[in-house]
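Please read the structure below before turning to the comments.
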Amino acid sequence: MHIRLVLLLLSLPILWSCSGNQEKYLDYSKWETYGGTKDAARYSSLDQINKENVSDLQVAWTFHTGDATERSQIQCQPIVVDGVLYATSPQLNVFALNAFSGELIWRFNPFQILGGENSWAGTNRGVVHWEEGEDKRILFSAGHWLMALNAADGKPIESFGDGGKVDLRKNLDFDLEEFLIVSNTPGIIFQDKIIMGMRLSEGLDAAPGHVRAYNVKTGKREWIFHTIPHPGEFGHDTWESEYWDKIGGANNWAGMSLDEERGIVYVPTGSATYDFWGGFRHGQNLFANSLIALDANTGERIWHFQGVHHDIWDMDFPANPNLIRLKKDGKWIDAVAQTSKQGFVYVFDRVTGEAIWPIEEIPVPQTTMPGEKTWPTQPHPTLPERFTRHLFTDKEILSLTPEWEAEIRNKLENYKYGEMWMPPNHEYGIVLFPGTEGGAEWGGSSFDPYTQTMYINSNETPSLVKMLPNPEFENIGQKVYVNYCSTCHGFDRKGNLPAFPPLVDLQTKFNTGSLAKLIQFGKGAMPGFSHIPQNERDVLVKYLLGKPLDDDFEEKELVGGKEKLSPQFIMEGYRKLVTKEGYPGINPPWGTLTAIDMNTGNIKWRSVLGEYDELTAKGFAPTGTVNFGGPVSTAGGLVFIAASKDERIRAFDKDTGEILWEAKIPASGHATPAVYEKNGKQFVVIACGGGKGTKSGDAYVAFALPDVGK
């Protein structure tokens, strides 16, 4: 047996001897890290706001960042340390507020030390706090930079890395240093280390998604775990030997959770590239789509579980797992629960990785696409109960009106559906359900450690996946476009609104200079492409504007560096099955909040989350909406959540699922609330950044009871 595992097993009697069912070393009255506490509970033991008085909540303060733009978002969950709230703005400014009044203490613009233009995707989900004596720091990431600030005044810590910053493109054990990387979910602190994941390209230009730990004081890399194993490492034989070093992804973009007492960090990963055709990566593909338990001090693997073998559906693990404590067969068990886009919750013993309930390998349909080899089975947990529907069939087609039903049925011509694991195909399209947005999504879930109840918000919307042969293009500009842009904006450049706008007739909106600037530096949710060679960007600009290449241009000028792989088949583009009005092409509910008893694995209740006012006015029952952001449960008997597209925050009765309170907010709260106390007053604060098809916003709004606290 692994020596690390032996030591952990020996420690169990001491750690599990604590009274009751909560972990003795966690303080759920504070909100000092992403997810509230390092176990990602998203739970608050504060109970000043409760079922009896929640209807009296009022706006306590509002802070406007002043830098929202078209399509910008705020996905940040604030943290609160010593009465100071730390958060980020749409343009990735970091700021500190008086958590009682909302008054600004300091604000830092990362361009002060980076210079230049915005060159990263414009979303950030939070910051990290670390302290040792009087040395107190805020760490955050902006694009491929990890930065450290003085928590007191927001000034860069010059001794950290290179003048306060570390380039995450370096020290990746990878030949290249020019690639897209956006670390938009905060890392997690263990002792004097910050453990970091990253978001990468979805194409074959992606870097490998290795997990790294950095020294909080110096910025020096302390360890690295290869999520695509190198020769001689465990799991290397699950990849095609010829191409393993040319494949990227298998990255942690969703965040991590930490058992601080045991020193174990739990890391969920996403799919390997190319997402929808795996002809260059035959095999199981460890550690893509996996939950990995690592020694937080050394990065050594303790155990792992793979949720999707050889993923060709973009079924990443979407959120950091919850570290929970449950009672089964009369015994308390420290466990880890990982939600999925498919509506599963996988639950394991934290130390050994043993499944709490059996997980069955189910035979699944096999591909007929040339060059592809799908895996014969996929894992299905027997419990907990699935929190979403899992099949899209004829009876699920939207039928609220005859017109919508006819429209959706017309869109489904030449599409197959009715099987969750139906592989993508080049001869027909497939309906992917649950879709690429879940099931569960990045907002994460809440766990009440006193009632062992897990609260999960989810989406129930289908995606359309259609594969096309990757042709030999006569137009070299189109080739560059397909390599970098078609996954989001479509092979035909028609886009996928509201997330991805069309890229046709751009000559009416841009000139050569302005479009080149947009492509290089990005804007709003669009990442910058400064990592691709200048000559490829020039070719792309001319293609999008319909301009000819220079007479002396030769295609060989684009060839250089590491050999690039090109998939035999490409996806037509991310598309949703929706009506012309944007309503999902499936019968409601479209968004839900579900409570699961984690002692039994059974669902306690499920409620609709969100509504379209125009449909309610026509007499339809609330349908729910697509939602992004997570819930927070409290000792006051409540579950707070925004997330929905209808610009509201709600409080549900955590025992019944009944809505007890709701309030209108300035823009949709596509983020997770934070719950904290200062000066005897409990607050619930939500970032109202909108986006994702709703109007953008710049506000943080805090709610509290009137006439309470000083």
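Largest to smallest in accessible area, the residues H64, H230 fall in the order H64, H230 (1.4 Å probe, all protein chains included). Coupling constants for region 140-153 follow from the phi torsions by the Karplus curve (6.51 cos²θ - 1.76 cosθ + 1.60, θ = phi - 60°), and in residue order they are 7, 10, 10, x, 8, 10, 9, 10, 10, 10, 6, 5, 7, 10 Hz; glycine and proline get x. The loop-placed GluC sites (Glu not before Pro) in region 412-460, going by DSSP, that have at most 12 neighbouring Cβ atoms within 10 Å of their Cβ come out as E413, E427. Less than 5 angstrom separates the built amide H of G689 from those of I74, H670, all sequence-distant by 5 or more or on a different chain. Of W375, W421, the order by accessible heavy-atom surface (1.4 Å probe, DNA, RNA and ligands excluded), from most exposed downward, is W375, W421. With a ≥ b ≥ c the root eigenvalues of the C-alpha gyration tensor of the chain, is it rounded (a/c under 1.5), prolate (a/b larger than b/c) or oblate? Note, shape of the chain comes out rounded. Farthest towards the positive end of the charge dipole of the chain, among the residues I519, P321, M196, is the Cα of P321, using unit charges on the Cβ of Lys, Arg, Asp and Glu.
By a 1.4 Å probe calculation restricted to protein chains, W277 has an accessible surface near 10 Å², given to the nearest 10.
Rounded, prolate or oblate: pick one for region 395-534, where a ≥ b ≥ c are the square roots of the eigenvalues of its C-alpha gyration tensor, a/c under 1.5 means rounded, and failing that, prolate if a/b is larger than b/c, else oblate. Oblate, since a/c reaches 1.5 and b/c is not below a/b. In this structure I333 has an accessible area near 20 Å², from a 1.4 Å probe over the protein heavy atoms.
Taking the centroid of alpha carbons for each part, region 467-527 and region 429-465 are 29 Å apart.
Sorted largest first by accessible area at a 1.4 angstrom probe radius, with every protein chain in place, the residues L549, L615 fall in the order L549, L615. Spacing of the modelled spin labels on E158 and R409, each 7 Å from Cα toward Cβ, amounts to 7.2 nm.
Quick one: Cα centre-to-centre distance for region 201-278 and region 34-60, in angstrom? Using only Cα atoms to place each centre, the spacing works out to 34 Å. Sparsely packed loop sites in region 569-634 (the trypsin sites (Lys or Arg not before Pro) outside DSSP H, G, I, E and B with at most 14 other Cβ atoms within 10 Å) comprise K580, K618. For the listed peptides 177-183, 209-215, 284-290, 51-57, a ranking on the average number of other beta carbons within 10 Å per residue, highest first, reads 284-290, 209-215, 177-183, 51-57. Here the gap between N109 and K494, fully extended at 0.36 nm per residue and compared with their Cα-Cα distance, gives a gain of 135.1 nm.
Local charge for G219 was computed over the other residues whose Cβ lies under 13 Å away, with Lys and Arg +1 and Asp and Glu -1, and equals +3. Around H64, what is the net charge, scoring Lys/Arg as +1 and Asp/Glu as -1 over all other residues with Cβ under 15 Å from its Cβ? Its environment carries a net charge of -1. Once you list every other residue whose beta carbon is under 13 Å from the beta carbon of T672, what net charge do they have if Lys and Arg are +1 and Asp and Glu are -1? Every neighbour counted, the sum reads +1.
In order along region 288-293, the phi-based Karplus estimate (6.51 cos²θ - 1.76 cosθ + 1.60, θ = phi - 60°) of 3J(HN,Hα) comes to 5, 6, 10, 9, 10, 9 Hz; Gly and Pro are listed as x.
The values are calculated or read from the model by the stated rules, or taken from the named source; none is laboratory data. Keep in mind it's a predicted model, so treat the numbers as computed, not measured. Heads up, the Cβs are rebuilt from the backbone with ideal geometry, glycines too, and the neighbour counts pull from every protein chain shown. For the accessible areas, the whole protein counts, side chains as well, though only heavy atoms, and no ligand, DNA or RNA atoms are used. Shrake-Rupley method; radii C 1.70, N 1.55, O 1.52, S 1.80 Å.
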